[in-house]
1. For q = 0.11, 0.15, 0.18, 0.26 Å⁻¹, what log10 I(q)/I(0) does segment 93-173 give under the Debye formula with an equal point scatterer on each alpha carbon and no solvent?
2. Subtract the Cα-Cα distance of Lys210 and Lys118 from 0.36 nm times their separation in residues, and report this length gain in nm to one decimal.
3. For segment 45-99, compute Rg over Rh where Rg is the Cα radius of gyration and Rh is the Kirkwood radius from the inverse mean 1/r over Cα pairs.
4. What are the residues whose amide H is under 5 Å from the amide H of Ile51, where those residues sit 5 or more places off or on another chain and H is modelled from the backbone?
5. Around Ile27, which amide H atoms from residues at least 5 apart in sequence, or from another chain, sit under 5 Å from its own amide H, with H modelled in the peptide plane?
6. For the chain, what % of the accessible area comes from carbon and sulfur atoms, probe 1.4 Å?
7. Describe numerically, in nm with one decimal, the distance between label points set 7 Å from Cα along Cα→Cβ at Gln128 and at Glu108.
8. Give, rounded to the nearest 20 debye, the magnitude of the charge dipole that segment 120-231 has about its Cα centre when Lys and Arg contribute +1 at Cβ and Asp and Glu contribute -1 at Cβ.
Amino acid sequence: MVKKLFMVQVLLLSCVISMAQKSTDTIRIADDLQLVKVMDNVYVHVSTFNIPEFGGLIPANGVVYVNGNEALLFDTPWTQPQTVMLVEYLQKVMHLKLVGFVPNHWHEDCLAGLSYLKSIKVPSYANQMTIELAKKHQKPFPVHGFKDSLQLQLGNKRVMCYYLGAAHSTDNIVIWMPSERVLFAGCMVKGVGSSNLGNTADGDLKAYPKTIQKVMAKFPSAKLVISGHGSWGGMEQLEHTLKLAKKQQQ
């Protein structure tokens, strides 16, 4: 039953994301990889990967934040080959230098391409919990860890990374781009078309509502909220996720 619900959720989210992309600039890098311009300095990379137990092709979102000729990458695509294609497009077509990488948490849809990023000397940062979990599960792990928060500079722009509590996973963080008022909340936040919280096997259902409330309280001025899968939108995404998290506890 849970799998069927998840399949319906993915189909709904795929429809929503397709509708959203019609009104934005979408670059098709490959059949399973797109780059969507959502603001002047903000792009969402959307990759798909086949997971039969969850109904087939699953889209996943990450963010490329640009300032001048430099960029930061938040989450890699699902696979290392997709990551290579994305980075080569950023470098060769957009003429960007990738100066840092931060994953939202330790799952494959955030970290799969890290080995490649390390091979080309891209600095990597993560919640220390993410580093420890990646090591535990024998995955590539970022180099630089932080406990509660991290500030990165991209030219004259600040980027803030915060750990506000467990939700989708025990280590998930959120990334705030204050100049654009963009919040990349990752997999803890669900699109308004979602009927459930999706995969919470490595999460904390008890802490989930409290964590979402902390995110809402910290970023009330967010203009754009980007989730880890499916649609992106405004504060309504956080409000909807809070309802789902509270319902899950009943």
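1. Log-scaled intensity ratios, in q order: -0.29, -0.53, -0.74, -1.33.
2. The span from Lys210 to Lys118 would gain 29.6 nm if fully extended.
3. 1.06
4. For Ile51, whose amide H was placed from the backbone, the distant partners under 5 Å are Gly56, Leu57, Ile58.
5. Excluding prolines and chain starts, which carry no amide H, the hits are Leu35, Val36, Lys37.
6. About 54 percent, which is the carbon plus sulfur part of the accessible surface.
7. 3.0 nm
8. On the way: 14 positive and 6 negative charges, 39 e Å.
So the dipole magnitude of segment 120-231 works out to roughly 180 debye.
The values are calculated or read from the model by the stated rules, or taken from the named source; none is laboratory data. A quick note: this is a predicted structure, and the numbers were derived from the prediction, not measured. Note that each Cβ is placed from the backbone with ideal geometry, even for glycine, and that neighbours are counted across all protein chains shown. Surface areas here come from the heavy atoms of the whole protein model, side chains and all, with no ligands, DNA or RNA. Shrake-Rupley method; radii C 1.70, N 1.55, O 1.52, S 1.80 Å.
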